[in-house]
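Worksheet: the structure to be examined is printed underneath.
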Amino acid sequence: DEQGKIILPEAFMPAAERYDQMYAIDRWVIGETIKVLRAKPLEAPPTRYAINVSGQSVGNEDLLEFVTEQLDGIAPGRLCFEITESAAISNLRVAGKLISTLKEKGCCFALDDGCGLSSFAYLKTLDVDYLKIDGGFVRNMTENPVDRAIVEATHQVSRALDLKTIAESVENETTLQALKAMGIDYA
């Protein structure tokens with residue numbers, strides 16, 4: 001802001017979405033991340049950078065060309081693009097092309113906010129590497145048997161599809177231990 005203070009994303013993202021500015025923000029984030037990767041090409045151990053891509057950008061066919069042009073001089077495997085289940089489903093053709101083309105170049109993909117029954121059907125067609133389990137289910141899974149069952153079922157489907165699972169919103173040791181016992185890959 002004008003005083004040099006950091007403005008958190010939740011303060012400006014709704015306005016950026018409303019005024020169709022998400023593609024510009026996503027391009028900036030991707031570009032800045034790639035600058036970091038170019039500055040640290042031999043970082044050990046190699047860090048993988050996860051970049052959330054908005055639904056507006058997933059639906060913009062120019063994103064693929066922009067990212068492809070940026071990949072020169074970096075190890076693409078250090079980039080993991082996260083797209084939401086709803087963005088992937090509403091832009092299935094464009095999302096599928098984005099995923100398949102960038103995976104061929106070495107990037108990886110995570111499907112974010114996964115747990116909906118619709119995501120199970122689309123997981124077979126979207127070639128993602130990770131499924132992020134929605135924090136709304138993870139947060140209460142030790143007290144709510146339905147949430148726990150949803151987390152377990154999501155993990156089992158992910159295993160059948162050879163996907164790694166990531167649990168969001170792990171807020172205490174009890175939840176962490178329950179997730180580890182299930183075999184969740186990252187929590």
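The values are calculated or read from the model by the stated rules, or taken from the named source; none is laboratory data. Given the structure is predicted, the values throughout are model-derived calculations rather than measurements. Note that each Cβ is placed from the backbone with ideal geometry, even for glycine, and that neighbours are counted across all protein chains shown.
Does Met182 satisfy the criteria of being farther than 30 Å from Glu32 by Cα and either assigned by TED's automatic domain parsing to the domain that holds Val29 or in contact with a Lys or Arg (Cβ under 6 Å, 6 or more places away or on another chain) (or both)? No. Just to be sure before I move on: is Phe137 in contact with a helix residue (DSSP H, G or I) (Cβ under 7 Å, 6 or more places away or on another chain), crowded, with 21+ Cβ neighbours inside 10 Å, in contact (Cβ under 8 Å) with a residue 12 or more places away in the chain and not assigned by TED's automatic domain parsing to the domain that holds Gln21 in the structure I sent? Answer is yes for this residue.
Checking each residue in the range 70-92 for being among the small types (Gly, Ala, Ser) and in a helix (DSSP H, G or I) picks out Gly77, Ser86, Ala87, Ala88, Ser90.
Taking the criterion of being at pLDDT 80 or above and buried (at least 22 other Cβ atoms within 10 Å of the Cβ), the residues of the range 111-125 that qualify are Leu111, Asp112. Mind listing whichever residues of the range 71-88 are closer than 20 Å to Thr165 by Cβ, surrounded by 16 or more Cβ atoms within 10 Å (Cβ to Cβ) and not polar (S, T, N, Q)? Passing the criteria: Leu79, Cys80, Phe81, Glu82, Ile83, Glu85, Ala87, Ala88. Out of curiosity, is Ile74 β-branched (Val, Ile, Thr) and within 16 Å of Tyr130 (Cα to Cα)? So Ile74 fails the test.
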